[in-house]
Amino acid sequence: MKRSALAISASLLGWLLLPTATDVLLAQEAKRATLTIRAGEPGPQISRHLYGHFAEHLGRCIYDGLWVGPQSSIPNTRGIRNDVIEALRKIKIPNLRWPGGCFADQYHWRDGIGAAEKRPRRVNIHWGGVVEDNGFGTHEFLDFCERIGADPYVASNVGSGSPQEMADWIEYMTFGGDSDLAKLRQANGRVQPWKVPFLGIGNENWGCGGRMTPEYYSDLYRRFSVYARDWSGNRLQRIAAGPGGTELHWLDVLAERVKEGVQGISMHYYTLGNTWQDKLPATGFPEKDWYAVLRDALKIDGVLAEAEKIMERHDPNGRVGLYVDEWGTWYKAEAGTNPAFLYQQNTMRDAVVAGATFNILHRHAQRVKMANIAQLVNVLQALILTEGGKMVLTPTYHVFDMYQVHQDAAFLPVDVTTDNSTLGAESLPAVSASASRDTQGRVHVSLVNLDPRAPVTVEARIIIEGQKLTSVSGRVLTAPAMDTHNGFEAPNRVQPAAFTGATLEGSFLKAQLPPRSVVVLTLAGP
Ligand code: AHR
């Protein structure tokens with residue numbers, strides 16, 4: 001009796017002493033990884049659209065996040081926050097998906113055009129039952145895309161809309177002739193038609209988009225896609241709403257039944273590290289959560305491989321792309337915020353998730369043509385957080401910034417042999433890596449140290465013929481603790497710094513990665 005009581009208190013004590021995210025972790029002995037970068041065997045282009053984004057009418061993503069309205073005292077251009085525009089232009093965001101998400105299948109585009117004060121007020125049924133005043137509609141969205149230099153990706157309404165409504169929306173936005181809808185657009189202030197290269201036909205129609213069967217949705221898709229037309233030189237990539245996470249049966253049915261009028265099938269992959277019912281905290285977490293979240297994030301590799309096999313069967317020529325148009329971490333909402341608004345902090349752990357995810361996406365660049373992190377501002381794994389007139393850039397933003405060198409570059413295969421990073425029964429590869437060559441011949445190598453405590457020594461051999469690489473430079477993102485984050489009171493706790501831990505001798509590259517870090521190196525010739 002006494003012994004077991006003692007045992008319980010010892011294990012309790014052990015538990016209490018487990019490090020939490022905010023403890024500064026004691027560094028361990030360096031781990032090792034060896035890489036072979038096969039720079040002479042370039043693979044597919046890494047589409048810049050893998051660095052895409054998503055903004056939904058959800059919580060404070062649109063309102064407060066990017067739209068404050070023209071009357072606001074917060075500096076803005078036609079209602080859009082100047083600080084957000086400036087931050088997004090820096091990272092060259094290639095595309096932006098809007099208006100949802102679940103919201104897309106309840107959205108009626110005519111609500112969001114014309115004089116703002118006359119627009120109808122509707123209840124946002126998915127996200128907290130708040131009243132949507134439609135202040136941000138089609139013109140505001142497409143204006144925002146132009147300001148930040150992003151291609152618009154419009155998600156149309158299949159769940160509660162009609163093919164006619166979708167066809168009208170496309171005509172309104174893209175038709176250059178003198179139809180009534182084109183004239184209406186002009187009367188609302190936009191003379192030239194817009195270019196809208198991406199059209200989603202529904203969203204998660206197995207769930208919030210209408211709880212359909214894959215067979216039923218496939219039939220609807222075939223019908224809707226007939227009415228999704230190209231006007232006035234605009235060329236639509238039509239994207240069918242694909243599976244969520246590992247539910248690949250949906251993809252199998254869809255890819256088999258929909259062969260025409262489709263250029264892409266979407267897939268959503270969220271990283272929870274736990275269950276939907278019991279989400280993990282974004283900050284102040286124990287070390288075991290670091291492992292659980294990263295383990296979950298890395299699983300996207302296997303899910304993509306399975307999805308690719310299915311698509312290969314139905315589309316052996318690789319005509320239809322896989323669009324991972326929602327991905328990212330999903331934690332418990334921050335205490336004191338509306339749980340339906342999905343507002344969460346963003347830490348060094350999220351930066352490591354982002355870096356490792358991009359390294360995986362690059363490897364799937366043959367089939368994966370787009371990816372969109374969820375979401376742009378104030379929702380889930382956001383790049384930007386705002387509070388009134390204040391704005392902070394999250395660690396995830398900085399990864400997008402550092403990785404922009406890979407946009408449209410040629411994928412270079414990297415063979416990785418790495419020690420593992422372990423905690424009890426949990427085990428992760430200590431290092432994740434990828435490489436690309438840009439049009440100027442520079443080689444970019446991104447390295448992520450997934451170990452929360454140990455540095456890693458990376459030794460890489462670069463196999464390259466007919467080109468000399470003589471210099472290496474780079475940037476590093478790291479932080480004192482697993483959950484270090486940028487707050488409104490301290491916006492620069494986590495930010496990239498010049499990296500001096502790499503050397504290049506002939507074709508041998510060596511780098512010392514600090515614990516929990518993301519490093520991007522550029523190797524250039526004389
Ligand atoms: O990004 C939040 C929600 O997650 C989206 O609205 C939906 O598509 C997904 O379930």
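The values are calculated or read from the model by the stated rules, or taken from the named source; none is laboratory data. Because the structure is predicted, anything quoted here is derived from the model rather than measured. Positions of Cβ are generated from backbone atoms using ideal geometry, with glycine treated the same way; all protein chains shown enter the neighbour counts. For the accessible areas, the whole protein counts, side chains as well, though only heavy atoms, and no ligand, DNA or RNA atoms are used. Shrake-Rupley method; radii C 1.70, N 1.55, O 1.52, S 1.80 Å.
The table for this structure:
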item	result
Kirkwood Rh and Cα Rg combined as Rg over Rh, evaluated for the stretch 345-441	1.02
Rule-of-thumb Rg ratio for the stretch 428-499 [Cα; 2.2 N^0.38 Å; N residues]	1.40
Loop-resident sites, the stretch 285-314, for trypsin sites (Lys or Arg not before Pro), counting at most 14 other Cβ within 10 Å (DSSP)	none
Potential lengthening between Glu505 and Lys183 on full extension [0.36 nm per residue; Cα-Cα distance subtracted]	109.5 nm
Farthest positive-ward along the stretch 162-211 dipole, Cα basis, beta-carbon charges - from Tyr172, Val191, Gly207	Val191
Cys residues of the chain counted as unpaired, since no other Cys beta-carbon is under 4.7 Å	Cys61, Cys145
Backbone N within the stretch 100-116 under 20 Å of label point (7 Å from Ser162 Cα along the Cβ vector)	104-113
Label point distance in nm, Ala498-Lys195, each placed 7 Å from Cα along Cα→Cβ	3.8
Share of carbon and sulfur in the accessible heavy-atom surface of the chain [1.4 Å probe, %]	52
Cα long-axis angle, helix 287-298 against the chain (0 to 90 degrees, to the nearest 10)	50
Solvent-accessible area per residue for the chain (1.4 angstrom probe, square angstrom)	40
Stokes-Einstein diffusion coefficient of the stretch 43-134, Kirkwood radius over Cα pairs, 20 °C, 1.002 mPa s, in µm²/s	144
Cβ charges +1 (Lys, Arg) and -1 (Asp, Glu), total dipole of the chain, debye	500
Acute angle (nearest 10 degrees) that the helix 214-226 long axis makes with the longest principal axis of the chain, alpha-carbon atoms	50
Signed unit charges on C-beta, dipole axis of the chain, positive-most listed residue Tyr107, Leu236, Phe341	Leu236
Where only C-alpha atoms are counted, convex hull volume of the chain per residue in Å³	166
Distribution of pairwise C-alpha distances over the stretch 209-253, 10 Å bins, in %	24, 47, 23, 7
Contour excess over end-to-end distance, with Cα ends at Glu387 and His108 and 0.36 nm allotted per residue	97.5 nm
Thr34-Arg295 pseudo-label distance in nm [points 7 Å out on the Cα-to-Cβ vector]	2.9
Computed E for Glu146/Val226 - FRET, C-beta separation, R0 45 angstrom, nearest 0.05	0.95
Solvent exposure, largest accessible area first (probe 1.4 Å, DNA, RNA and ligands not counted), of Met391, Met402	Met391, Met402
